[in-house]
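The values are calculated or read from the model by the stated rules, or taken from the named source; none is laboratory data. In this text the structure is predicted, and so the values were computed from the model without any measurement. Neighbour counts run over all protein chains shown; Cβ positions are idealised from the backbone, glycine included. Remember, those area values only see protein heavy atoms, side chains included, never the ligands or the DNA or RNA. Shrake-Rupley method; radii C 1.70, N 1.55, O 1.52, S 1.80 Å.
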Amino acid sequence: MKQKYDVSGMTCSACQLAVEKSVHKLEAVNDVSVNLISNTMSVEFDDSKVSEKDIIKAVESAGYGASIKGDSKSAGKTSEREDPYELELSKMRKRLLYSLIFMVPLMYIAMGSMMGLPQLSFLVGDENVLIMALTQMILTIPVMIINSHFYKTGFKALLNRTPNMDSLIAVGSSAAFVYGVMVMYKMAYGFGHGDVASVAHYGHDLYFESTAMILVLITLGKYFEARAKKRTSSAINSLMDLTPQFATVERDNEQVDIPVEEILIGDIILVKPGSNIPVDGKIVSGQTTIDESALTGESIPVEKKDGDNVMAATTNKTGFIKFEATHVGEDTTIAKIIELVEDANTTKAPIAKLADKISGVFVPVVIIIAIVTFIVWMFTSGDVSLATSMAISVLVISCPCALGLATPVAIMVGTGKGAKLGILFKSAEALENLHNTDVVLLDKTGTITSGEFNVREVISKKYSEEEFLKIAASMERGSEHPLAKSIVKYAQDKGIELEEAKNFTALAGLGVIAEVNGKSYLTGNLKLMTDEEFDTSEYEEYIDEFSEKAYTSIYFADEDSVIGIISLSDTLKENSQEAIEELKSLGIKVAMVTGDNKKTAETLGRQLGLDEIYSEVLPAQKEQIVREHIEKGQKVCFVGDGINDAPSLARADIGVAIGAGTDIAIESADVVLIKSSLLDLINAIKLSNATIKNIKQNLFWAFFYNTIGIPVAAGVFYSSFGLKLNPMIGALAMSLSSLFVVSNALRLNFFKGISAK
Ligand SMILES: Nc1ncnc2c1ncn2[C@@H]1O[C@H](COP(=O)(O)OP(=O)(O)OP(=O)(O)O)[C@@H](O)[C@H]1O
Ligand SMILES: [Cu+]
């Protein structure tokens, strides 16, 4: 089974890896991936062999907290939704403020005298140097206490032998503090032996202010980072905000306002014009127009009356309606969309693998480099102060978070942006891979065309039109196929009374067998007719003529012979032509794969300028075609909507389902286009491209920063260029570097898709 957990206490990608490793060690855990941005973990495990308790324990043994996602009462509920980022931010704001109370005087004492600022008399002069040092130490300790979480998590992780970024900060800042204390001992020794002059110069390299400054700067950096991270989830939050928190419900003939999460299925809900719909349901009285753009992208409001469905998060425009709740809580359409997007963020993009590997060994390697730096400078210069300062700089300048954040933060913004545009990516991998597409295979009915057929010709040489339609529509009533639905509707509109069909059997990709009035009938395409050895020549001339117009014709036969045909036309979706041209201009091959007959398919295919056309394919053959393309080494994207497309959607490198399609198609796909427009396929590909570009920039930056930063901090350029970094500058650089990554990812919010002309 698959389960999601909330994980608390993680600060950087080393933590993430520690959790993953610890959980992966459990037997019967097949897959685990932790997301640092959403602080979630998704685990796939065999629940007959490991329990959820074991998993939670494993996370705890790595030093972090875990709870099952959605376990806490408030999870997923609109009104009680707490903002974890806001909590974190207010905590850090407090820490910063309290730290400043001690930081300001500390910096004044430590740096002020060098800048010639007036100082308290008991702190100046060689004879007072010990008092000055003591004062600095006393001011530093509170800052360390206020920011002690770095030490708690850092040292704990170090002891767990999974050091993380906090370990670096903890070791770096406490090394500076310990050094300061040691210097004070030396001073005291000097004083005790009457050697005041020789110890006075120590007053300038105590590093107490570095200890405090490192802590404050990193907290400050984390604060800005959290603020930026908060914005990365803004797209999802704005989706959540579309459902109102309260609703007016009729209970015991009284109207009561209750929180949305208390609405039960069957409740009658009242909605005034201008309000958003709280849950999914069916109108029982009133009529109105509803703006469904948030969910379907369709900007023209839809007329709704008695018996029509309404969806949560859409806006009631004009009328007052009462509706009955049919789906509440996690079952509403909007909740499912949000869950999809959130789920995508618990998966890992393949491009993150390298960064993950590196950040797994990053911290120990940095600690080793720091030790080597210290030893080398000790031996070459003999200056403890210099060696200490360099080693500390190495520790605090190294930034594993920039590496770890590079991918997930961009995926977060990318999937959120996608959701806003009506493109749902179900996994990070889908968002990453889509941009590599070589060939797009498009299903015809419902994908390129609207799938809403119009009956054009009804021809029967055996029965009157009415008699024939009666048989045809009666048999088709049991079918889900768009062709069938249109025929039924056509007959009903003509006022034809339908019969009960018996022994209904659907033949996927071929047609239908059913009994009407005790007689058995068959309907379907030419292939079905030839398979059953029916002579179709009587209708050939009509079929040929209608195929030229890209009509789809189906045959009807009784036990003896063909009794008639019905020809239907489908309309191209508004943007299909434009979308196909765009795809080709992106250098992607476009093919159509359809169950429809050859002539109809080719007429349409020529019209659209498709590269390849596959017609009269059975559902299993569709999947076969996908496989053949994959075997040729192409990255295949399949776009479809029907039940018969599900295997192909699952097989393709990327399966894209049309939002208006069947549930099973949506289930099998990696990407869902809510607005059901092919133009969004272009947007999805372009968004994938933009996201990957962004990730690459982030990764480049993170690698570049560390490969330059660490050597500079280690003093590699000190001897030749005199380049030496103060630990405080190191801490500042480190804060800025992860902030850079997050800010860069936020630029993805400016992505603009093409929209319908
Ligand atoms: N209920 C039905 N009644 C009559 N004919 C049917 C029915 N279902 C399928 N057929 C026939 O089988 C053919 C193939 O159907 P299938 O569902 O595989 O693809 P399609 O809907 O035509 O197109 P696409 O593959 O592009 O979605 C149809 O074109 C039609 O001729
Ligand atoms: Cu960092």
Task: Some residue of the range 25-40 being at pLDDT below 80, farther than 20 Å from residue 362 by Cα and not hydrophobic (A, V, I, L, M, F, W, C) - done: yes
TODO: Of all residues in the range 507-542, count the ones that are part of a helix (DSSP H, G or I), open to solvent by less than 10 Å² (accessible area, probe 1.4 Å) and touching a Ser or Thr at 6+ places or on another chain (Cβ under 9 Å).
DONE: 2
- [ ] Just name the residue that is nearest to ligand 2 (Cβ to nearest atom) out of those in the range 456-480 that are in contact (Cβ under 8 Å) with a residue 60 or more places away in the chain and part of a loop (DSSP other than H, G, I, E, B).
- [x] 480
TODO: Identify the residue in the range 191-219 that is in contact with a Phe, Trp or Tyr (Cβ under 9 Å, 6 or more places away or on another chain), touching a residue at least 12 places away in the same chain (Cβ under 8 Å) and over 17 Å from residue 726 (Cβ atoms) and, among all such residues, is nearest to ligand 2 (Cβ to nearest atom).
DONE: 219
- [ ] Give the range 374-421 a look and list any residue that's assigned to a loop (DSSP other than H, G, I, E, B) and either touching a helix residue (DSSP H, G or I) at 6+ places or on another chain (Cβ under 6 Å) or assigned by the TED database to the domain that holds residue 221 (or both), or say none.
- [x] 398, 399
Task: Matching residues, the range 112-156, being touching a residue at least 40 places away in the same chain (Cβ under 8 Å) and either over 30 Å from residue 364 (Cα atoms) or acidic (Asp, Glu) (or both) - done: 114, 126, 127, 129, 130, 132, 133, 134, 136, 139
Open item on the list: Of the conditions (1) within 24 Å of residue 168 (Cβ to Cβ); (2) open to solvent by less than 10 Å² (accessible area, probe 1.4 Å), residue 723 satisfies every one except a single condition; which number is it?
Closed with: (2)
- [ ] Kindly list, by first and then second residue, each pair from a residue in the range 484-509 that is farther than 12 Å from residue 455 by Cα to a residue that is among the hydroxyl-bearing types (Ser, Thr, Tyr) and not in a loop (DSSP other than H, G, I, E, B), limited to pairs with Cβ atoms under 6 Å and residues at least 6 apart or on different chains.
- [x] 498/474; 499/474; 501/474
Task: Candidates 545, 497 - the one that is out of contact with any strand residue (DSSP E or B) (no Cβ under 6 Å at 6 or more places or on another chain), open to solvent by 60 Å² or more (accessible area, probe 1.4 Å) and not in a helix (DSSP H, G or I) - done: 497
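Could you list, in sequence order, the residues of the range 556-589 that are over 30 Å from residue 460 (Cβ atoms) and in a strand (DSSP E or B)? Before the answer, list the steps.
So in the range 556-589, the residues over 30 Å from residue 460 (Cβ atoms) come out as 573-589.
Hit for the range 556-589 is 589, nothing else.
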Task: Meets criteria (touching a residue at least 40 places away in the same chain (Cβ under 8 Å) and within 27 Å of residue 678 (Cα to Cα)) for residue 415 - done: yes
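Take residue 502 and decide whether it is among the basic types (Lys, Arg), open to solvent by 70 Å² or more (accessible area, probe 1.4 Å) and over 49 Å from the mean Cα position of the chain (by Cα).
On the way: among the basic types (Lys, Arg): yes; open to solvent by 70 Å² or more (accessible area, probe 1.4 Å): yes; over 49 Å from the mean Cα position of the chain (by Cα): no.
In short, no.
Looking only at residues that are open to solvent by less than 10 Å² (accessible area, probe 1.4 Å) and at pLDDT 90 or above in the range 425-438, which one is farthest from ligand 2 (Cβ to nearest atom)?
Filtering the range 425-438 down to residues open to solvent by less than 10 Å² (accessible area, probe 1.4 Å) leaves 425, 428, 430-431, 434.
From what is left, the residues that are at pLDDT 90 or above are 425, 430-431, 434.
Details: 425: 28, 430: 29, 431: 25, 434: 31 Å.
Filtering the range 425-438 for residues that are open to solvent by less than 10 Å² (accessible area, probe 1.4 Å) and at pLDDT 90 or above, the one farthest from ligand 2 (Cβ to nearest atom) comes out as 434.
Is there a residue in the range 397-412 that is over 24 Å from the mean Cα position of the chain (by Cα), away from ligand 1 (no atom under 16 Å from the Cβ) and either acidic (Asp, Glu) or at pLDDT 90 or above (or both)? Spell out how you get there, then give the answer.
Step one: list which residues in the range 397-412 are over 24 Å from the mean Cα position of the chain (by Cα), which gives 397-399.
Now drop any that are not away from ligand 1 (no atom under 16 Å from the Cβ), which leaves 397-399.
Subsequent filtering for residues that are either acidic (Asp, Glu) or at pLDDT 90 or above (or both) retains none.
Within the range 397-412 (the criterion being over 24 Å from the mean Cα position of the chain (by Cα), away from ligand 1 (no atom under 16 Å from the Cβ) and either acidic (Asp, Glu) or at pLDDT 90 or above (or both)), the answer is no, since none of the residues qualifies.
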TODO: Mind listing whichever residues of the range 578-600 are under 29 Å from residue 511 (Cα atoms) and out of contact with any Phe, Trp or Tyr (no Cβ under 8 Å at 6 or more places or on another chain)?
DONE: 590, 595, 596, 597, 598, 599
- [ ] Filter the range 1-18 down to residues that are among the aliphatic types (A, V, I, L, M) and farther than 18 Å from residue 349 by Cα, then give me how many there are.
- [x] 4
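Okay, residues lined up against (1) away from ligand 1 (no atom under 16 Å from the Cβ); (2) open to solvent by 40 Å² or more (accessible area, probe 1.4 Å):
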{"site": "335", "(1), (2)": "yes, no"}
{"site": "341", "(1), (2)": "yes, no"}
{"site": "348", "(1), (2)": "yes, yes"}
{"site": "357", "(1), (2)": "yes, yes"}
{"site": "365", "(1), (2)": "yes, yes"}
{"site": "374", "(1), (2)": "yes, yes"}
{"site": "395", "(1), (2)": "yes, no"}
{"site": "440", "(1), (2)": "no, no"}
{"site": "447", "(1), (2)": "no, no"}
Open item on the list: Residues to consider are 41, 1; find the one that is touching a Phe, Trp or Tyr at 6+ places or on another chain (Cβ under 8 Å) and within 19 Å of residue 85 (Cβ to Cβ).
Closed with: 41
TODO: Would you point out which residue out of 745, 731, 714 is open to solvent by less than 20 Å² (accessible area, probe 1.4 Å) and more than 28 Å from residue 378 (Cα to Cα)?
DONE: 745
Open item on the list: Could you list, ordered by first residue, the pairs with Cβ atoms under 6 Å in which the first is in the range 722-734 and without any contact (Cβ under 8 Å) to a residue 12 or more places away in the chain and the second is more than 15 Å from ligand 2 (Cβ to nearest atom), at least 6 apart or interchain?
Closed with: 723/717
- [ ] Output the residue which, of all residues in the range 152-190 that are open to solvent by less than 30 Å² (accessible area, probe 1.4 Å) and away from ligand 2 (no atom under 15 Å from the Cβ), is farthest from the chain's Cα centre (by Cα).
- [x] 190
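Criterion first (in contact with an Asp or Glu (Cβ under 6 Å, 6 or more places away or on another chain) and surrounded by 19 or more Cβ atoms within 10 Å (Cβ to Cβ)) does residue 208 satisfy it? Explain how you work it out, then say what you get.
Numbers: in contact with an Asp or Glu (Cβ under 6 Å, 6 or more places away or on another chain): no; surrounded by 19 or more Cβ atoms within 10 Å (Cβ to Cβ): yes.
So residue 208 does not fit the description; no.
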